[in-house]
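Enquirer: If you scroll down you'll find the structure; I have some questions about it.
The values are calculated or read from the model by the stated rules, or taken from the named source; none is laboratory data. The structure displayed is predicted, hence computed values, not measured ones. With ideal geometry, Cβ positions are generated from the backbone for all residues, glycine too; neighbour counts draw on all protein chains shown. Keep in mind that these areas ignore ligands, DNA and RNA; they rest on the heavy atoms of the full protein, side chains included. Shrake-Rupley method; radii C 1.70, N 1.55, O 1.52, S 1.80 Å.
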Amino acid sequence: MSTKKSPKPIADARPLALIAGPTASGKSSVAVKLAKALAEQDRAAIVINADSAQVYADLQILSARPDDAEMDGVEHRLFGTWDGADACSAADWAARAKAEIADCHANGAVPILVGGTGMYLKVLIEGIAPIPAINPETREVVRAMETQTAYAALMIEDPVRAAELNPGDSQRIARALEVKRSTGVTLGDWQQAKTGGIGEEVDLHPLVLMPPRQWVYDRCDTRFAAMLDDGAIEEVAALLKRELSPDLPVMRAIGVPEITALIREEMTREEALAAGSQATRNYAKRQFTWLRGQSPAEWTKVESQNIDIADSFASLLQL
């Protein structure tokens, strides 16, 4: 009798498409095209947002959230779901995304994740380290340190993490140091104990869009200029009237600080346009870097701006 193990049946039952890429790379359009291709096979598909700005109801225009015409009749979820007053962490989003994915599978639909927020995707697929709450006194002491002093301390207390970080990266240095001092365990060791990821529970069909950078940067410039003309200023004005904490993610989203400066007459329109465009390009650059260096090597990466759905998702479409 053969001892060869049969493939796990879970793969066919739980497909999950994932479309990642930098801002303005055309992810939303690809997601809708994939959903339409699945519909031609009489298979339902639902697009699920994985963009940290598009989760906020307050940022319809500035986040380039798809409108009804762009959704083209395809159901979209987790777009505009959070109120700006409530910060949506990667863990918060992952919990909701897992529930939506499970609902899709339970109802025979194919979930299509779409977004460029690497940490969201990483936490969903790989899980999150179960780090206990940091002692408030420890956090206060560490956060009060000069970056150079904190880095020197980290080199002694967690040399492995220190070697991985830029000496000027104050946020990550402080995080690593406070974790080690508060828990007695290094951040790296905690991350080895990640839990809650769904990577082993689904049949993942990933596609990473990596079109030419200048093409993306040009689209960033064109889109931000259009946003200013199409209501982004009014959108930020409405947000400012809420008098939310400036530390909330919605208040730090790309374009919000620049348009805020315009509204307060701290910048001219031309200056705000230039600053907002540059901020968007900088964000796209960071996304390119993360996707190239942090996304798994086995994830399919396409460097053209023209995506062939049938070719890119042949296994999902069973072609």
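Enquirer: Could you grab me the full set of residues in the range 178-216 that are open to solvent by 40 Å² or more (accessible area, probe 1.4 Å) and closer than 30 Å to GLY276 by Cα?
Expert: PRO212, ARG213, GLN214, TRP215
Enquirer: Right, something else. Please enumerate the residues belonging to the range 29-65 that are part of a loop (DSSP other than H, G, I, E, B) and not hydrophobic (A, V, I, L, M, F, W, C).
Expert: GLU40, GLN41, ASP42, ARG43, ASP51, SER52, GLN54, ASP58, GLN60, SER63, ARG65
Enquirer: Let me ask you something else. Have a look at LYS194, LYS122 and point out the one that is in contact with a helix residue (DSSP H, G or I) (Cβ under 8 Å, 6 or more places away or on another chain), at negative phi and modelled with pLDDT under 90.
Expert: The conditions single out LYS194.
Enquirer: I would also like to ask the following. Please go through the range 227-240 and pick out each residue that is open to solvent by 20 Å² or more (accessible area, probe 1.4 Å) and touching a helix residue (DSSP H, G or I) at 6+ places or on another chain (Cβ under 9 Å).
Expert: Matches in the range 227-240: ILE233, GLU235, ALA237, LEU240.
Enquirer: Which of the residues belonging to the range 58-75 are touching a helix residue (DSSP H, G or I) at 6+ places or on another chain (Cβ under 9 Å) and aliphatic (A, V, I, L, M)?
Expert: Passing the criteria: LEU59, ILE61, LEU62, ALA64, MET71, VAL74.
Enquirer: If you don't mind, there's one more thing I want to ask. Could you please let me know if ALA226 is touching a residue at least 12 places away in the same chain (Cβ under 8 Å) and either small (Gly, Ala, Ser) or on the phi > 0 side of the Ramachandran plot (or both)?
Expert: No.
Enquirer: What pairs can you find where one residue is in the range 296-309 and among the β-branched types (Val, Ile, Thr), the other is open to solvent by 70 Å² or more (accessible area, probe 1.4 Å) and at pLDDT 90 or above, and their Cβ atoms are less than 6 Å apart, with a gap of 6+ or different chains?
Expert: ILE309/LYS33
Enquirer: Also, quick follow-up: Output the helices (runs of 4 or more DSSP H) that fall wholly within the range 241-319 and possess 1 or more residues being modelled with pLDDT of 95 or more and within 23 Å of THR222 (Cβ to Cβ), or say none.
Expert: Filter on the range 241-319 gives 256-263, 269-293.
Enquirer: Let me spell it out: the conditions are (1) out of contact with any His (no Cβ under 8 Å at 6 or more places or on another chain); (2) closer than 29 Å to HIS205 by Cβ; (3) open to solvent by 30 Å² or more (accessible area, probe 1.4 Å), and SER315 meets all of them except one. Which number is the exception?
Expert: (1)
Enquirer: Something else about it: Can you pull out every residue in the range 250-293 that is touching a Phe, Trp or Tyr at 6+ places or on another chain (Cβ under 8 Å), open to solvent by less than 30 Å² (accessible area, probe 1.4 Å) and under 14 Å from THR23 (Cα atoms)?
Expert: Of everything in the range 250-293, those that are touching a Phe, Trp or Tyr at 6+ places or on another chain (Cβ under 8 Å), open to solvent by less than 30 Å² (accessible area, probe 1.4 Å) and under 14 Å from THR23 (Cα atoms) turn out to be ALA253, GLY255, GLY276, SER277, THR280, ALA284.
Enquirer: Tell me, which helices (runs of 4 or more DSSP H) lie completely within the range 89-177 with 1 or more residues that are without any contact (Cβ under 8 Å) to a residue 24 or more places away in the chain and open to solvent by less than 50 Å² (accessible area, probe 1.4 Å)?
Expert: The helices (runs of 4 or more DSSP H) meeting that bar are 147-157, 159-164.
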